[in-house]
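Trainee: The structure is given below, and queries will be raised subsequently.
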Amino acid sequence: MPTAFQKELVTLAHRLADLCALVASALEEATRAALESDHTLGGRAREQAAAVAALGAACEDQAGALLALHAPREEVKAVLAAVHVAAEVTRMGGLAREIAEARGVVPAPVRPVVARLGAQAAEAARVLGELLGGGDGGGLGDVVASAAAGEGELRELAGGPEWVYGRRAAVEVVLLGAVFARFAGMAGRVARRAAGFAPVGA
């Protein structure tokens, strides 16, 4: 029978899964804001990013409280992993906010790539959440690799001979792609760090 401590750990696992779902939603809203140059959507994405920060802090507090309850030695690693997950996913929320605050119009030729990158990065966060909720996290590596390839595609387009939108737009597009790829990459790194914690959420 699970102990009270283990039950609390399961609750924390599901809160972290909720945190991942929230950050994925924030990134999707931010992507739409960037593609449509819509300040209203950007405001919603910033609100969601703020909610990510608040929930992330609550998760860290809960993990700290668990440690203060004299966590069993075999569970300390899981609790510390939870602290790391909460902190990193909160940073991912900051990246979503950065995308929401992007200025400038995304040129038509790269809009499909940016949209695809946004969807891939959001999917990486959702798969991470599934892992924390007890799933196997299957396919996360492929999603992260696809996001990295998408970033490379944006770089090629912005630096290619057919680019007619100016240097400033090229720089903005490249930076946007880098943020998406970083977001997805962080999800992959968090998943590896959380390997010892995820089974608790099953």
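A short reminder: the numbers here are calculations on the coordinates, not readings from a lab. If you're wondering where the values come from, they're calculated on a predicted model, not measured in any experiment. FYI the Cβ positions are ideal-geometry reconstructions off the backbone, even for glycines, and counts take in every protein chain you see.
Trainee: Out of the trypsin sites (Lys or Arg not before Pro) in the range 102-181, which ones are loop residues according to DSSP with at most 10 other C-beta atoms within 10 Å?
Mentor: Those satisfying the criteria are ARG103.
Trainee: So what is the 222 nm mean residue ellipticity for the chain from helices alone, if each DSSP H run of at least 4 adds -39500 (n - 2.57) and you divide by all residues, rounding to the nearest 500 deg cm²/dmol?
Mentor: Here the helix-only value at 222 nm equals -28500 deg cm²/dmol.
Trainee: Diagonalise the Cα gyration tensor of the chain and give the resulting equivalent ellipsoid semi-axes, square root of 5 times each eigenvalue, largest first, whole Å. Walk me through the intermediate numbers first.
Mentor: Values: eigenvalues 254, 53, 26 Å².
Over the Cα atoms of the chain, the ellipsoid semi-axes are 36, 16, 11 Å.
Trainee: If I take R0 = 35 Å and measure r between the Cβ atoms of GLU47 and ALA145 in this structure, what FRET efficiency does the formula 1/(1 + (r/R0)^6) give, to the nearest 0.05?
Mentor: So, using R0 = 35 Å, E works out to roughly 0.65.
Trainee: Express the relative contact order of the range 1-132 as a whole percentage, based on alpha carbon pairs under 8 Å and six or more residues apart in sequence.
Mentor: 43
Trainee: For the range 112-190, calculate the relative contact order in percent as a whole number, restricting contacts to Cα pairs under 8 Å that are 6 or more residues apart.
Mentor: The value is 43 percent.
Trainee: Another one. Could you work out the Kirkwood radius for the range 16-74, taking every pair of different alpha carbons, averaging 1/r and inverting it, reported in Å? Intermediate values should be presented prior to the final figure.
Mentor: Working: mean 1/r = 0.0778 Å⁻¹.
Mean inverse Cα-Cα distance, inverted, gives 12.8 Å.
Trainee: Report, in whole Å, the centroid distance computed from the Cα atoms of the range 120-197 and the range 72-98.
Mentor: If we compute the Cα centre of each part, the gap is 19 Å.
Trainee: Rg/Rh for the range 105-176: what does it come to with C-alpha atoms and Rh from Kirkwood?
Mentor: Using Cα coordinates only, the ratio equals 1.11.
Trainee: Taking square-rooted eigenvalues a ≥ b ≥ c of the alpha carbon gyration tensor, is the range 1-106 rounded, prolate or oblate, where a/c under 1.5 means rounded and, failing that, a/b exceeding b/c means prolate? If you can, show how the numbers build up before the last one.
Mentor: Values: a/c = 3.80, a/b = 3.27, b/c = 1.16.
Here the range 1-106 falls in the prolate category.
Trainee: What GluC sites (Glu not before Pro) does the range 114-202 have in DSSP loop regions with at most 13 other beta carbons within 10 Å?
Mentor: Sites meeting the loop and neighbour criteria: GLU162.
Trainee: Please determine, in degrees from 0 to 90 and to the nearest 10, the orientation of helix 140-159 with respect to the longest principal axis defined by the Cα atoms of the chain, where the helix direction is its Cα long axis.
Mentor: For helix 140-159, the angle is close to 20 degrees.
Trainee: By how many degrees, between 0 and 90 and to the nearest 10, does the Cα long axis of helix 39-68 differ from the longest principal axis of the chain?
Mentor: On a 0 to 90 degree scale, this one is about 20.
Trainee: Determine the relative contact order of the range 71-202: mean sequence separation of Cα pairs under 8 Å and six or more apart, normalised by residue count, in whole percent.
Mentor: Computed value for the range 71-202: 42 percent relative contact order.
Trainee: I would also like to ask the following. Along the charge dipole of the range 1-142, which of ALA124, ALA102, GLY43 sits closest to the positive end, that is, farthest toward it, with unit charges on the beta carbon of Lys, Arg, Asp and Glu (+1, +1, -1, -1)?
Mentor: ALA102
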